[in-house]
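Engineer: If you scroll down you'll find the structure; I have some questions about it.
Quick note: the coordinates plus some simple rules give every number you see, no bench work behind them. It should be emphasised that the depicted structure is a prediction, and the values quoted were computed from it without experimental measurement. As a convention, Cβ positions derive from the backbone with ideal geometry for all residues, glycine included, and neighbour counts pool all protein chains shown.
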Amino acid sequence: MAGHDSGSQHQFTGFQKYFNSYTITGRRNYVIATYTSIAMLILYFKLRPKKKTPAVADK
Amino acid sequence: MNLSFFDQFMSPHLMGIPLTLLSLLLPTLLLPAPNNRWVTNRLSTLQLWLLNTITKQLMTPLNKKAHKWALILTSLMTMLLAINLLGLLPYTFTPTTQLSMNMALAFPLWLATLLTGLRNQPSISIGHLLPEGTPTPLIPALILIETTSLLIRPLALGVRLTANLTAGHLLIQLISTAVMALLPIMPVMSTLTAMILFLLTILEIAVAMIQAYVFVLLLTLYLQENI
């Protein structure tokens, strides 16, 4: 809660340098990535073209 | 006169004029105004001691930047204390039993703490949505859980105060009705119920003070995370 995390002694490389659950920037990036994925999912389902069903002729 | 048990929670009106604003402002009339004497009377000294104690208690865990909130938090605490305690008197209306009133207090203040954090230290505020050391597979779920817990805070703040005070007032009314109903039939039971009522009243006085303190304390905790 109050005070900063002690993630400064971790030496991360590669993907973990930007996305880890120890440094504050790593945690921030994970949160932003999660929110962005959810937003992309919602946008995809909203904007995908709706399938048109052909009209059924009554006999 | 037919009184239902919920009449005490109806907003007061006098000939169509709503009195809710008056019921919020009038408790301040009970507080002595400071004068320009160096040594004031006992009541003023007591009030000053109380205000200083409240301010010190709330502001000690906060850093210097957060001390700008001292006035609003102390005045909120004083108002809630006065309203809650005065509501325990018979035939008085307690504004803090209204959910609308408590949400109107909780939501803007919580939002202010959130926006302060997002404005002054956005990375740290956003980063706090993921607890440190979370195992990788749990990260998305935990972010959603922490977001939900963050968004539910104003609701919890408002409902906690409303529910505690409403439940207490209702209990007092029910048990006092039981005492009066039992008095002609079973006087001994009525006496026992009256003793319970006495203990309940003491509890309600404590709850009134504690709930006011908890409301403001939680706001200072939310502020602590964000400032």
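Engineer: For chain B, set up a Gaussian network in which alpha carbons nearer than 10 Å are linked by springs, and say which option among B:His67, B:His169, B:His13 fluctuates the most.
Structural biologist: Maximum among the listed residues: B:His13.
Engineer: With each label point set 7 Å from Cα along the Cα-Cβ vector, what nm distance links B:Lys65 and B:Ile205?
Structural biologist: 4.3 nm
Engineer: Points 7 angstrom from Cα along the Cβ direction at A:Ile32 and B:Leu99: gap in nanometres?
Structural biologist: Taking the two extended label points, one gets 3.8 nm.
Engineer: Work out from phi, with θ = phi - 60° and the Karplus expression 6.51 cos²θ - 1.76 cosθ + 1.60, the ³J(HN,Hα) of each residue of region B:129-137, listed in order in whole Hz, and give x for Gly and Pro.
Structural biologist: Computed from phi, the couplings for region B:129-137 are 6, 10, x, 5, x, 5, x, 4, x Hz.
Engineer: I've got another one for you. Quick one: Karplus J couplings for region B:23-38, per residue in order, coefficients 6.51, -1.76, 1.60, θ = phi - 60°, nearest Hz, x for Gly and Pro?
Structural biologist: Per residue, the Karplus-derived 3J(HN,Hα) values read 5, 7, 8, 5, x, 5, 5, 7, 8, x, 7, x, 10, 8, 7, 6 Hz.
Engineer: How big is D, in µm² s⁻¹, for the protein assembly as shown by Stokes-Einstein at 4 °C and 1.567 mPa s if Rh is the Kirkwood radius over C-alpha pairs?
Structural biologist: Reported coefficient: 55 µm²/s.
Engineer: Can you give the helix-only mean residue ellipticity at 222 nm for the protein assembly as shown, where every DSSP H stretch with n ≥ 4 adds -39500 (n - 2.57) and the sum goes over all residues, rounded to the nearest 500 deg cm²/dmol?
Structural biologist: My calculation for the protein assembly as shown gives -21500 deg cm²/dmol from helical runs alone.
Engineer: What FRET efficiency comes out for the pair B:Ile145/A:Lys17, r = Cβ-Cβ distance, R0 = 22 Å, nearest 0.05? Show your work: numbers first, answer last.
Structural biologist: On the way: r = 26 Å, r/R0 = 1.17.
Result of the calculation: an efficiency of 0.30.
Engineer: What is the spin-label model distance, in nm, from B:Thr177 to B:Thr20 if the labels are put 7 Å beyond Cα along the C-beta direction?
Structural biologist: Rounded to a tenth, the inter-label distance reads 2.5 nm.
Engineer: Which longest run of chain B has no exposed loop site in it, a site being chymotrypsin sites (Phe, Trp or Tyr not before Pro) in a DSSP loop with at most 15 other beta carbons within 10 Å, and the site itself not part of the run?
Structural biologist: Longest site-free region, per DSSP loop and neighbour criteria: B:92-227.
Engineer: In whole Å, how far is the Cα centre of region B:76-131 from that of region B:150-185?
Structural biologist: Each part reduced to its Cα centre gives a spacing of 20 Å.
Engineer: What FRET efficiency would be calculated for the residue pair B:Leu118, B:Leu30, taking the C-beta separation as r and a Förster radius of 35 Å, to the nearest 0.05?
Structural biologist: After rounding, the FRET efficiency stands at 0.35.
Engineer: R0 = 25 Å: FRET efficiency of B:Thr40 with B:Ile72, Cβ-based, nearest 0.05? List each step's numbers first, then the result.
Structural biologist: On the way: r = 25 Å, r/R0 = 0.98.
Efficiency, from the Cβ-Cβ distance: 0.55.
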